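See below for the structure under consideration.
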Amino acid sequence: MVPEVNADLESFASRTPNGAAFWRLAAADFGLSADDRSVLQRTFHDSTELDKWLPSGKTYRQRAYGCYRLSVADMHFTPIDEPPPYMQSVEVNPLAGGIERRFKQIEPRHPATEPTRKIAAVVARSLVAAGVLSARRTPEVLVDAHYMAITAPGEPAPEGKHRDGLIAGSAHLIERRNLAKGTGISSIYDGAEPEVELASFQLRRPLDSYVFDDERVQHFTDEIRRRLPFVQAYRNVLLLGFRRCD
């Protein structure tokens, strides 16, 4: 069953015209309940583990991972019990490309699976409205869900300005605390001319989000830093990736 969401294709079409390369979404687009948001927040604190694929000595990132198969025609999501290893090319990820990576799994029965699927359904519908996904060209795709908890000081994108090697992706702020002003700025760049910045913004409120056509743009988020000393500081973001099935 397709999860209920507030937004439909018609409303997305008016905001994400066919051919859009990136766009912003906010909490009102997703229709999550207070319980949904609470489950997601707890997941980052209770169900992630240290990312062992960071460069040696780096300990600022905790993460977990879930995977779904999406039928674009009917927006049906199927959680995958045993997802294949996650792999990117060296070209798109010079730090960990070419390596079959496995992460702590958010299994289908985990409470975070349903709110994550609701978010992914909204993103998928907006991608269809923008012409990035279609039942004809991309009838089935894999959807990767990365639960990324970054402690300040830390780098959300240690690989620098990049693509992810996907059809499309999205980033969704779940929670942030005690971050210095002007840190954690996300930027979008023209894919053909990466020196051209198309937009720059900060995800500040829960479920502030952006969606991007990974084949047409690059993206980057700069370092997060602590605002007040001796107070816990972090930025927890759900990253979704839409990629072709093998």
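The values are calculated or read from the model by the stated rules, or taken from the named source; none is laboratory data. Worth saying up front: this structure is predicted, and the values here are computed from it rather than measured. In case anyone asks, the SASA skips ligands and DNA or RNA and just uses the protein heavy atoms, side chains included. Shrake-Rupley method; radii C 1.70, N 1.55, O 1.52, S 1.80 Å.
Summary table below
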item	result
Evaluated at q = 0.14, 0.21, 0.22, 0.27 Å⁻¹: base-10 log I(q)/I(0), Debye formula over Cα of the range 180-227	-0.38, -0.75, -0.81, -1.03
Per residue, in Å², the accessible surface of the chain once ligands and nucleic acids are set aside, probe 1.4 Å	47 Å²
Rg to Rh, two decimals, where the chain supplies the alpha carbon set and Rh follows Kirkwood	0.93
For the range 25-38, 3J(HN,Hα) per residue [Karplus equation, 6.51 cos²θ - 1.76 cosθ + 1.60, θ = phi - 60°, Hz, x = Gly/Pro]	10, 9, 3, 4, 6, 9, x, 7, 7, 4, 5, 4, 5, 5
Descending principal axes extents, the range 72-218, alpha-carbon based, whole Å	41, 35, 32
The chain - percent of accessible surface contributed by carbon and sulfur, probe 1.4 Å	48 percent
Pairwise centroid distance, computed over Cα atoms, of the range 170-228 with the range 105-143, Å	21 Å
Karplus (6.51, -1.76, 1.60) ³J(HN,Hα), θ = phi - 60°, over the range 43-56, in Hz, Gly and Pro reported as x	4, 5, 7, 10, 10, 9, 9, 4, 6, 6, 8, 6, x, 3
